[in-house]
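The values are calculated or read from the model by the stated rules, or taken from the named source; none is laboratory data. This one's a predicted model, so the numbers in the text were calculated from it and none came from an experiment. All Cβ positions, glycine included, derive from the backbone under ideal geometry; neighbour counts span all protein chains shown. Note: accessible area is taken over every heavy atom of the protein model, side chains too, but ligands, DNA and RNA are not part of it. Shrake-Rupley method; radii C 1.70, N 1.55, O 1.52, S 1.80 Å.
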Amino acid sequence: MDSEDDMHDANDVESMDDDEGFYSDEMGMDYYGSDDDVDVDFGEDNEGIKRIEASRAENNFIILEESDIKQRQEEDITSVSTVLSISRAASSILLRYYNWSVSEVHEAWFADEDKVRKTFGLLKKPVVQLPSSRELTCGICFEAFHRGSIRSAACGHPFCCACWEGYIRTSISDGPGCLILRCPDPSCGAAVGQDMIAMLVSDEDNRKYSRYLLRSYIEDNKKTKWCPAPGCEYAVNFVGDDENYDVSCLCSYGFCWNCTEEAHRPVDCSTVSKWIMKNSAESENMNWILANSKPCPKCKRPIEKNQGCMHMTCTPPCKFEFCWLCLGAWSDHGERTGGFYACNRYEAAKQEGVYDETERRREMAKNSLERYTHYYERWASNQLSRQKALADLHQMRTVHMEKLSDIQREPESQLKFITDAWQQIVECRRVLKWTYAYGYYLPEHEHAKRQFFEYLQGEAESGLERLHQCAEKELQQFLSADGPSKEFIDFHTKLAGLTGVTKNYFENLVSALENGLSDVDSQAACSGSSSKNGGSSKAKGGKGKGTSRVGGSSKNVDSTGMWTCEYCTYANSKHSTTCHMCHHQRR
């Protein structure tokens, strides 16, 4: 590492605002929260959690625990019940149907109360008038029961307690569909509320029903979602705009609110979806087979050449012997055709153009596979580096900070610059990882944008590597020291400086990608305007080859007409209109 260059970069950070968020003012916080969050003990300090929730509410999301969800749900039910003068059970039924939107319930109710009641089975009076006899007949088992053993919904249809219990218990066992339970009578649509369910079933079934109702408050609400991290029971209430969807749960998992994949800013959700699908698709297996194997001329099974000789023998039961180059029978070959390591027939046929399309297709698949491998390896490498950095950050907080405080005789609050650096490393690894997915889908023909993107990416990656090496390697000497060191002050200055410089690099990269590399377009527009005013007009009305391309589909077509699917990069015949591998339409 060139320490002089590092210190030169570090000095640039003096002009930066230390309180600024990771990306920009509109985000207001980095991936792990503000500086006040990082040292909070989530397991014991409830006040700390409330402070975090309050600070995040000022941004774009609020983390909700189960108690918070219950409180909000109860408040909404009470609000609707009070305003509409209906029971709490009827309120929860309406809110459930209107995705727990109080305003939509009010709007629909005051627009046409009778229609709402009829639609959702909230009857004003019974539709069945029961006789005044002491015994009534159950509508399910047709047994006669004492009047006190008969229960009815708002409709008045009589059923015994045992039949009611079996009906409700079966519905609860079937899943969340029990939340829209109706009268057992096939011709009746009267709703069965939570008050009646609580009265007729066991405590265990009541708990299940309440759990379904609680989960529906999150899953049916447009502004709330469960954290997708395995085992996490927190929910997230999104209160931000449509520009920044990144959310960080209290379990430390970050995800995108829009697509629920892991946080991927600055790359858009459609690019992430295509990249994930490509990583899991079988198309890359087919591309590898096409690029590295040839079909046996007899049985058509793909064969990989694993030795230097051109004399190939297919596996049993085929056992056909053929030439690797021209795929002709080996019995027709010998010294006169070039021997074991060449094939004059192949060379002659290639000159005549016999193998042009096959070879081009194979070469195209090979190039596509190499390009994908280039970006995937770097994407995966940064993912692994980020996971390692997360583990190092956890160890730094739980073990090394106290140890370093004792060695250097400084309070842990004065060593916070170290955890700040590791947080920056973790976030930058995430951003850098997704820039490789962005680069893979950046059109090849946009050379100026690609050059600008690779420059910004290279600058950011170089700064991150210097920061990561400083935090990982240079810190070790102070952890193993016997006492305070004067060099620790220089290390403090260097690490804090590198943290700020790296932050600046990545802010520039994120800003450019979120703007679609528009700086390149604006420069091109200025250049085009100046050439139109003072330059040559030769391009106007010209008949160059480039003018024959219309639309966006031609950018994936090579000189032979073979086209590459933009979803799976499979090389397709020029006559096909759908991809042979993923069946997407040609665009």
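What the table below lists for this structure:
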{"quantity": "Residues (open to solvent by less than 60 Å² (accessible area, probe 1.4 Å) and free of Cβ contacts under 8 Å to residues at least 24 places away in the same chain) located in segment 498-518", "calculated": "516, 518"}
{"quantity": "Inter-residue pairs, beta-carbon under 9 Å, first among the acidic types (Asp, Glu) and in segment 484-497, second open to solvent by 100 Å² or more (accessible area, probe 1.4 Å), 6+ apart", "calculated": "487/477"}
{"quantity": "In segment 238-247, residue modelled with the lowest pLDDT [restricted to those that are part of a loop (DSSP other than H, G, I, E, B) and surrounded by 11 or more Cβ atoms within 10 Å (Cβ to Cβ)]", "calculated": "240"}
{"quantity": "Out of 77, 69, sole residue that is touching a strand residue (DSSP E or B) at 6+ places or on another chain (Cβ under 7 Å), outside the structural domain of residue 179 (by the TED database) and either open to solvent by 90 Å² or more (accessible area, probe 1.4 Å) or under 17 Å from residue 220 (Cα atoms) (or both)", "calculated": "69"}
{"quantity": "Members of segment 179-227 found to be in contact with a strand residue (DSSP E or B) (Cβ under 7 Å, 6 or more places away or on another chain), over 22 Å from residue 128 (Cβ atoms) and of a type outside the set (Phe, Trp, Tyr), listed by number", "calculated": "218, 223, 224, 225, 227"}
{"quantity": "When residues of segment 430-477 are limited to those that are surrounded by fewer than 18 Cβ atoms within 10 Å (Cβ to Cβ) and of a type in the set (A, V, I, L, M, F, W, C), the one farthest from residue 380 (Cα to Cα)", "calculated": "448"}
{"quantity": "Candidate set from segment 204-237 (those that are assigned to a helix (DSSP H, G or I) and in contact (Cβ under 8 Å) with a residue 40 or more places away in the chain); member that is surrounded by the most Cβ atoms within 10 Å (Cβ to Cβ)", "calculated": "217"}
{"quantity": "Output for segment 259-281, where each listed residue is farther than 15 Å from residue 433 by Cα, outside any helix (DSSP H, G or I) and either over 8 Å from the mean Cα position of the chain (by Cα) or in the same structural domain as residue 509 (by the TED database) (or both)", "calculated": "281"}
{"quantity": "Helices (runs of 4 or more DSSP H) contained in segment 332-416 and holding at least 3 residues at pLDDT 70 or above and in contact with a Lys or Arg (Cβ under 9 Å, 6 or more places away or on another chain)", "calculated": "356-395"}
